[in-house]
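Any read-out appearing in this document is the output of simple, stated calculations on the displayed coordinates, not a laboratory observation. All of these numbers come straight from a predicted model, not from anything done at the bench. Positions of Cβ are backbone-derived with ideal geometry, glycine not excepted, and every protein chain shown enters the neighbour counts.
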Amino acid sequence: MSAVIRTTGLSAGYGGSAVLHKLDLEVGAGEVVSLLGPNGAGKTTTLLAISGILPPLAGKVEVLGEPVSASEPHVNARRGLAHVPEDRALFFSLTVRENIRLGQRSGGPSFEQLMEYFPALANRVSQRSGLLSGGEQQMLALARALAGGPRALMIDEMSLGLAPVIVENLLPVVRRIAREQAVGVLLVEQHVHLALGISDRGYVLRQGELIAEGTAAELQESRQLLEAGYLGELAV
């Protein structure tokens, strides 16, 4: 399986201080990979470095086989990398249809195909996105990202502010998108077991260090490692 995202020895941070240290990570086409860990572990920093928003302090990042252009995220977006940030970055004064049109590119899914993934939006197409519920806004953020036909998709804290039942409904859609669109997905998610339930593999960060990686099944069985990542110590 070819890698659509790869980091090698990646260190990144802010003001010259690293919060992420020597991370080796890989996401293949059609694969869902979870990036797990508590707040402050370096998950969002990882996504920012991959997208090109945050220049690496050390190591390298490749997207679709090409080095990432630091400080030029638009280049990586044209190449086929989509990034859904935790604030969703919607234009609240624009309608659902208008937000999606902003993301559409030749070769991407049609508007009708996107509505098949997110049918709850089908009756909201003329509604301003600022009036949508939190769950509907997250659906719209995902639909807009998909409208460009990406080959790699990063989703930061999809469940932020959402009820667990909405998260349970959205995560299988992410799995379906990866399979049907052959998109490699890197998913940052706080609902660990729900995320691993739709993932192929996962990585666990703690204080910027990689402390565990493996298949989703292996990580689900390694309760001790997961608790070490979230509690900061090995559970007994």
note = Within segment 44-62, residues buried (at least 24 other Cβ atoms within 10 Å of the Cβ), within 14 Å of the chain's Cα centre (by Cα) and β-branched (Val, Ile, Thr) come out as THR46, ILE50
message = Are there helices (runs of 4 or more DSSP H) fully within segment 24-143 with at least 3 residues that are of a type in the set (S, T, N, Q) and touching a residue at least 12 places away in the same chain (Cβ under 8 Å)? List them.
response = 43-51
ask   = In segment 163-179, which residues are surrounded by fewer than 19 Cβ atoms within 10 Å (Cβ to Cβ) and part of a helix (DSSP H, G or I)?
value = PRO164, VAL165, GLU168, ASN169, PRO172, VAL173, ARG175, ARG176, ARG179
query = Do you know which of the residues in segment 144-162 that are in a strand (DSSP E or B) and touching a Ser or Thr at 6+ places or on another chain (Cβ under 9 Å) is surrounded by the fewest Cβ atoms within 10 Å (Cβ to Cβ)?
reply = ASP156
message = Within segment 2-23, take every residue that is in contact with an Asp or Glu (Cβ under 7 Å, 6 or more places away or on another chain) and either outside any strand (DSSP E or B) or hydroxyl-bearing (Ser, Thr, Tyr) (or both) and give me the one that is surrounded by the fewest Cβ atoms within 10 Å (Cβ to Cβ).
response = THR8
inquiry  = Restricting to segment 180-205, name every residue that is more than 12 Å from the chain's Cα centre (by Cα) and part of a strand (DSSP E or B).
reply    = ARG201, GLY202, TYR203, VAL204, LEU205
task = Report whether or not LEU94 is under 23 Å from VAL174 (Cβ atoms) and of a type outside the set (Gly, Ala, Ser).
result = no
